[in-house]
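> Let me give you the structure first, and then I'll get to my questions.
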């Protein structure tokens, strides 16, 4: 990156519409922070959730996930049951350039409460709303705040573009518009 990391993110976000909506400066007053940070971008969780429930005593199978294991919920605050998880999506829509890979890590505010956010890398030329997995590792219910920061995306620019991008392989999670359950 020839530019300072935060300047590079601003440049890419504006010129290539990499992040929409894009928050140029970090917002933090009274909320869990979001927007441009020193070396990345703090993403927000939207107000739509799928909360895991085991009312049918299902087996969690990534090759054959039963959608009845999830309860849809919409609201400003989501309560995740003890030792359970919820899926959510970001407020932001991403267009990752061909020469860029991202890694996403949960914010320390949640991690310090036993709430873990897992997101796989955004591959070159992937685009869509990000599906987030939010795990409550505690024996107590956990509160998640919609429209506030949930994780930080770190951007890595390659010296050369990849041979085959996510778009080239016609990836199964390309152009997600909502929370997407696992699929083969």
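The values are calculated or read from the model by the stated rules, or taken from the named source; none is laboratory data. These numbers were taken from a predicted model, which means no experiment stands behind them. Using ideal geometry, Cβ is built from the backbone for each residue, glycine included, and neighbour counts are taken over all protein chains shown.
> Taking the condition of being closer than 15 Å to residue 157 by Cα, more than 19 Å from the chain's Cα centre (by Cα) and not in a helix (DSSP H, G or I), how many residues in segment 2-42 meet it?
Looking only at that region, the number is 4.
> Can you find, within segment 139-160, the residue that is nearest to residue 36 (Cα to Cα) among those that are surrounded by fewer than 13 Cβ atoms within 10 Å (Cβ to Cβ) and modelled with pLDDT under 95?
For segment 139-160, the residue satisfying everything is 156.
> Taking strands (runs of 3 or more DSSP E) that do not extend beyond segment 57-138, which have at least 3 residues that are closer than 19 Å to residue 149 by Cβ, at pLDDT 95 or above and more than 11 Å from the chain's Cα centre (by Cα)? Explain how you work it out, then say what you get.
Working: elements: 70-74, 77-80, 84-95, 100-106, 115-118, 127-136.
Answer list for segment 57-138: 77-80.
> Could you please let me know if residue 21 is more than 19 Å from residue 130 (Cα to Cα) and at pLDDT 95 or above?
In short, no.
> Among the residues of segment 147-172, what is the count of those that are within 13 Å of the chain's Cα centre (by Cα) and farther than 14 Å from residue 117 by Cβ? It would help to see each step written out before you state the result.
Keep residues of segment 147-172 that are within 13 Å of the chain's Cα centre (by Cα), which gives 147-154.
Retained after the next criterion (residues that are farther than 14 Å from residue 117 by Cβ): 147.
Selection size over segment 147-172: 1.
> Keeping to segment 142-164, report how many residues are closer than 25 Å to residue 87 by Cβ and in a loop (DSSP other than H, G, I, E, B). Spell out how you get there, then give the answer.
Our first condition is that a residue be closer than 25 Å to residue 87 by Cβ; within segment 142-164, this holds for 142-155.
Then drop every residue that is not in a loop (DSSP other than H, G, I, E, B), which leaves 146-148.
Residues that pass the stated criteria total 3.
> Return the only residue of 80, 116, 43 being more than 26 Å from residue 26 (Cα to Cα) and either surrounded by fewer than 19 Cβ atoms within 10 Å (Cβ to Cβ) or touching a residue at least 40 places away in the same chain (Cβ under 8 Å) (or both).
It is 80.
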